[in-house]
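Colleague: Below: one structure in structure tokens.
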There are 2 protein chains.
Amino acid sequence: MTEHGDTPGTPARRVRADAQRNIDAVREAAKAVFAVSGVDAPVREIAARAGVGVGTLYRHFPQRSDLVVAVFRHEVDACADAAPALAAEHEPGEALTGWLRRYTRFIATKRGLAAALHSGDPAFDVLPAYFDQRLRPALGSLLEAAVAAGEIRADVDADDLLHAVRNLCVAADDDGSDHVHRMVGLLVDGLRYGASGRA
Amino acid sequence: MTEHGDTPGTPARRVRADAQRNIDAVREAAKAVFAVSGVDAPVREIAARAGVGVGTLYRHFPQRSDLVVAVFRHEVDACADAAPALAAEHEPGEALTGWLRRYTRFIATKRGLAAALHSGDPAFDVLPAYFDQRLRPALGSLLEAAVAAGEIRADVDADDLLHAVRNLCVAADDDGSDHVHRMVGLLVDGLRYGASGRA
DNA sequence: AACTATACGGAACCTTGTTCCGTTTTAGCA
DNA sequence: TGCTAAAACGGAACAAGGTTCCGTATAGTT
């Protein structure tokens, strides 16, 4: 799991309780507003939704882009953290498909972000790296477990799968909601095809 | 060739001379400013550079995006119009390589635009179509001539070549300036490889 | 309880897109 | 050539969004 709402570069200074509360509130508000109005939504709207003044918002997120980055990282963290949780509660194969479903849901909410990521703003340069660095091990451990249990074949790595699913999601615009689920199901069946069969 | 500075949808109404002068001036200024500061440059800066008030600018280009579109179309036109000119002055093979060089120069200036094109703004939806519709015949006629002269093989069409060169350009960021030229040269040599040989 | 570093709120400021309107210029015509 | 109406001009004014500033409030400490 990940600690809490630490904007990076805050080495060890205690954060006042009310400040932390506001940091979280703003991040949640931003997440909600981004989902509805896209990442270009006005800062004031986010502040209002969080029940906070713009001054407070800017104290914690000095630039608009910091807010976008924070929301993105938090969601990546949540997605990554779901892996061990699923692994603890399900069979390896179940855990794997469950996590991929979770992952597709994550990707689906990122339509607006995609444009921002490729906008050339260097503030977003760190995001793809964070994405890989965090999600690859998460999926990797699920894959390993499923391979060890003999439920899937051993010749696919986390990176390939991550990118394949992502591409499936972006290709299927936003129409038939379960098309992506069927496609991902197909992928997983493909993984099962060459399984060793040992349980 | 293409008439002059006709923003589309101007059926037959005479344009006053000073107006036409300003339209051209603004378009040229925008081209220059975009090249330096990118397509997000402030409108006022463009107006100032054109020696014109913002009111005048907005009279001819009611939206920022109209200006971007106009510049883009004008440059596409210039690039397309270069084809017959080259064909008239050079051997078919020469004309072809000359035009491809011209085309790579055009693509190189479009770094900033690429982001805008994929920004989701529907105002830019028409541009890719215009791009193809205008450039394909231009290159197509050069190809035909070169094939007829026996200088190149016959099994490559304009679309493939346009996209191939474009991809070469975007792949090679903006470093070694002539890498692209060498790669395009390679492509053309490839075209020559299976030539019929008849002159 | 008093004190201080920290945080809060929101008015104010700046930049940028867009509109409005009084003034100027062009082009046809007598 | 001088007259006139339509067309075009310029830039002040407006709207909206990002960012800063600073007087006030509060958490945490002694």
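The values are calculated or read from the model by the stated rules, or taken from the named source; none is laboratory data. Bear in mind the structure is a predicted one, so any value in this text is a computation, not a measurement. Reconstructed Cβ throughout: ideal geometry from the backbone, glycine too, with neighbour counts over all protein chains shown.
Colleague: With the requirement that a residue be in contact with an Asp or Glu (Cβ under 9 Å, 6 or more places away or on another chain), buried (at least 19 other Cβ atoms within 10 Å of the Cβ) and more than 18 Å from residue A:186 (Cα to Cα), what does the range A:80-105 give you?
Modeller: A:86, the sole residue that qualifies.
Colleague: Quick one: which residue in B:72, B:124 is at pLDDT below 95 and more than 16 Å from DNA strand D (Cβ to nearest atom)?
Modeller: B:124 is the lone residue from the list that is at pLDDT below 95 and more than 16 Å from DNA strand D (Cβ to nearest atom).
Colleague: Considering each residue of the range B:16-53, count those that are buried (at least 16 other Cβ atoms within 10 Å of the Cβ) and away from DNA strand D (no atom under 15 Å from the Cβ), and give that number.
Modeller: 5
Colleague: Could you list all residues from the range B:72-82 that are among the aliphatic types (A, V, I, L, M) and touching a Leu at 6+ places or on another chain (Cβ under 9 Å)?
Modeller: Correct list: B:76, B:80.
Colleague: Consider residue A:197 against the criteria (1) out of contact with any Pro (no Cβ under 8 Å at 6 or more places or on another chain); (2) over 20 Å from residue A:73 (Cβ atoms); (3) surrounded by 14 or more Cβ atoms within 10 Å (Cβ to Cβ): it satisfies all of them except one. Which criterion is unmet?
Modeller: Just one mismatch for residue A:197, condition (3).
Colleague: Right, another one. So in the range A:125-152, with the set limited to residues that are among the small types (Gly, Ala, Ser) and either within 14 Å of another protein chain (Cβ to nearest Cβ) or surrounded by 15 or more Cβ atoms within 10 Å (Cβ to Cβ) (or both), which one is nearest to residue A:30 (Cα to Cα)?
Modeller: A:138
Colleague: Name every residue in the range A:54-65 that is near DNA strand D (Cβ under 8 Å from one of its atoms) and not polar (S, T, N, Q), in order of residue number.
Modeller: A:54, A:55, A:57, A:58, A:59, A:62, A:64
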